[in-house]
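> Pasting in a structure now, in structure tokens, and then I'll have a few things to ask.
Quick note: the coordinates plus some simple rules give every number you see, no bench work behind them. Keep in mind it's a predicted model, so treat the numbers as computed, not measured. No Cβ is skipped: glycine too gets one built from the backbone with ideal geometry, and neighbour counts run over all protein chains shown.
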Amino acid sequence: MKYCRFLYGGQVQYGAVESRGSEMQIVGLMDAPEEDLRFRIERGSATPVSSSFEPIPLSEADLLPPVTPSKIVCVGRNYREHARELGNEIPTEPLLFFKPPSSLLPPGGAVVLPAVSERVDFEGELALVIGRRTRNLRTDDDWRSVVRGFTLANDISARDLQKKDGQWTRAKGFDTFCPIGPIVSGELDPDAGVTIETRVNGELRQQASTRDLIFPIPVLLRYISAAFTLEPGDVVLTGTPSGVGALKPGDRVEVSVAELGVLQNTVKSEIA
Ligand code: ZN
């Protein structure tokens, strides 16, 4: 099942999404998953709430971030080549940090380059959406039972401030620094290898398979949930592959996975 969150008739709605040929369409309205802690992903088609709903191409919808997380947990240096390209050692255990929910940006929104930074990078990432309250996931637990689905994210990072500050809160946490979407989908198998790509102005800059993750998803979920309780709707960014680079005003950045569509955002300067 696939869904999005969007503005419809002046209200925030969740929409069931289906692939129709090469395009994705919103085919019906559905209940808000975050408000239902018993919600579980049911593989197969969603049941539209309203039968009178006229399908809308996803590309024409007024999309919002598809999640309303209590926290966004991120993993640094989870692909070998990316750790190397920034001159870092391959980590021996996951390196965690947070982005605040205030950094979320919808598909199509503009990333604002802060005046206090001279180097802001894109980082295309596969993100997990938690579906069940989770604390201390165990080795014999099925990680799939706590993950509602997957989405795309861009871990926008003020690289100069990341180095200067020593810790990453400000560098990773500016408003607009977490583009996310366009949909959440459970129809994905990262264990089998999912290819994630990032393009800037149409040029391919990052391409990797989830098989190349240093710490695979179940390891991440066990490590993270040993530290803090994951709530339904929380988001985990699984790390970025090599190829990160700086953004400038006017750029168009796209993160994509075949089954999740394209997360496209523009870039503008804080200084008018
Ligand atoms: Zn990242």
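> Tell me, what ³J(HN,Hα) does each residue in segment 62-77 have, in order and in whole Hz, if you take phi through Karplus 6.51 cos²θ - 1.76 cosθ + 1.60 with θ = phi - 60° and put x for Gly and Pro?
Result, rounded to whole Hz: 8, 6, 10, x, x, 10, 10, x, 7, 7, 10, 9, 10, 10, x, 6.
> Taking the Cβ of Glu197 as the centre, find all other residues whose Cβ is under 9 Å away and add up their charges (Lys, Arg: +1; Asp, Glu: -1).
With Lys, Arg at +1 and Asp, Glu at -1, the net is +1.
> Tell me the net charge near Pro94. Cut-off is 13 Å between Cβ atoms, Pro94 excluded, with +1 for each Lys or Arg and -1 for each Asp or Glu.
Surrounding charge for Pro94 is +1.
> Hey, another quick one. Please compute the modelled spin-label separation between Arg135 and Ser102, points set 7 Å along Cα→Cβ, answer in nm with one decimal.
Distance between label points: 2.8 nm.
> With θ set to phi - 60° and the Karplus curve 6.51 cos²θ - 1.76 cosθ + 1.60, what are the ³J(HN,Hα) couplings of segment 96-112 in order, to the nearest whole Hz, using x for Gly and Pro?
9, 8, 10, 10, x, x, 5, 8, 5, 9, x, x, x, x, 9, 6, 9
> In whole percent, what relative contact order does segment 170-253 give with Cα contacts below 8 Å and a gap of six or more residues?
Relative contact order, segment 170-253: 29 percent.
> Let me ask something else. For segment 131-201, what size does the Cα cloud have along each of its three principal axes, sorted from largest down, in whole Å?
For segment 131-201, the Cα spread along each principal axis is 41, 34, 20 Å.
> Under a 10 Å cutoff between Cα atoms, tell me which one of Ser52, Ser103, Ser225 has the largest fluctuation in the Gaussian network model of the chain.
Ser52
> Now a separate question. How high is the relative contact order of the chain, in percent, counting Cα pairs under 8 Å that sit 6 or more residues apart?
25 percent
> Still on this structure: Please report the equivalent ellipsoid semi-axes of the chain, computed as sqrt(5 x eigenvalue) of the Cα gyration tensor, largest first, in whole Å.
28, 23, 17
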